[in-house]
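Each remark here refers to the structure printed beneath this line.
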Amino acid sequence: MMSKSAVQSTSYDMVIKQNVVKKRKSLVKQICYQLGITILMFLNLLPLLIALSSSLRTPDNMTNPLNLFSQFSLESYKNAFERMHFLQALMNSVLLTGVSVIVVVIFTSMAAYPVARMNTRLSKFLYIFFLAGLVVPSQMVIIPIVKTFNALSIPSGQLTSIIMFITCSIPFSSFLYSGFIKSSVPIEIEESALLDGAGLFRRFWQIVFPLLLPVTVSVVITQGVWIWNDYFFNMIFINKADLTPLPLAMLGFMGDQTNPTAWNVLFAACFLCALPLLVIFAFLQKFFIKGLAVGSVKG
């Protein structure tokens, strides 16, 4: 018969072997996960790398695009900058995006404040009413909208595009603001200000609104990126060349049967259009992630 110490030693060895086996299985799983994520990331980045490589070629270099970074030239970027009138189109995009985002931030934050603070049937109805705007795509109702603008004698142009951008941004922005106010803005601060004699507008603009910085940055980025890249509304309502924003300016690079598309120049134009957004996102990334995560906790 085995002694008690020998039995304990055998049991201890078995436990160690089991732990080693578990660690090996865990390591294999982690390696498989990391390998799968790497492959997926590579597949997602491959089209972007091909576009970047093609944009760094001369316009007449139409060799195999899979030969990545076989040439380094800024001629396609220069061609795209001149043909699309980049500075003028950039100012038009800044105007459309800036005005729309500022109005959205002001009005949706004010609208979400009472919805988040009041616990009544009306506030619940308004919250659901705002969310209902996320269900219906704007493209489905564009014909009656155009007829309404014509009936109201509102001329097509940047104003009509801005109106559409603001209208379509209200539901999602209100959802973020109301969720953030419920979860991250303590009502005790407002009660203290009320005792000090602060009115409603003063409490909101001087106390509540500064605390909404993370979710405001999220609204600016989510809605700003969509408005900046929008093609649909601009194509419908803007019909003058001097009012053309960046997405419409790239239409000039699309060819036809007699004039093939200059893909290298088109890719260069795409990166020129995306460059301002990348710069802004680099500075606001921390606030964007925090506001989007916290603002979606409650609703």
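All of the numbers you see were taken from the coordinates with simple rules; none came from a lab. For clarity, every value in this text was computed on a predicted model and none was experimentally measured. When we count neighbours, we look across all protein chains shown, and the Cβ atoms used for this are built from the backbone with ideal geometry, even at glycine.
If Lys and Arg each add +1 and Asp and Glu each add -1, what is the summed charge of the other residues whose beta carbon sits under 15 Å from the beta carbon of ASN92?
-1
With no solvent and one point on each alpha carbon, what is the Debye value of log10 I(q)/I(0) for segment 159-275 at q = 0.10, 0.12, 0.14, 0.21 Å⁻¹?
Normalising to I(0) and taking log10 leaves -0.51, -0.64, -0.76, -1.14.
Based on the mean of other Cβ atoms within 10 Å per residue, sort peptides 43-56, 98-111 so the most packed one is first.
Ranked by mean Cβ neighbours within 10 Å, highest first: 98-111, 43-56.
Beyond 24 Å, what share of the Cα-Cα pairs of segment 113-205 remains, rounded to the nearest whole percent?
Working: 1813 of 4278 pairs.
Considering segment 113-205, 42 percent of its Cα-Cα pairs are separated by more than 24 Å.
Using alpha carbons only, how many angstrom separate the centre of segment 55-72 from the centre of segment 215-239?
When both Cα centres are located, 31 Å separates them.
How large is the helix-only mean residue ellipticity at 222 nm for the chain, computed as the sum of -39500 (n - 2.57) over DSSP H runs with n ≥ 4, divided by its residue count, in deg cm²/dmol to the nearest 500?
Working: 12 runs with 214 residues, N = 299.
Rounded to the nearest 500, it is -24000 deg cm²/dmol.
So, with +1 on the Cβ of K and R and -1 on the Cβ of D and E, and no other charges, what is the size of the charge dipole of the chain about its Cα centre, to the nearest 20 debye?
With only Lys, Arg, Asp and Glu charged at Cβ, the dipole is about 1380 debye.
Using the 2.2 N^0.38 Å rule of thumb for compact globular proteins, work out how the chain stacks up: its C-alpha Rg over that value, please.
1.44
Pick out, in residue order, every one of the chymotrypsin sites (Phe, Trp or Tyr not before Pro) in segment 138-243 that is DSSP loop and has at most 15 other C-beta atoms within 10 Å; say none if there are none.
TYR231
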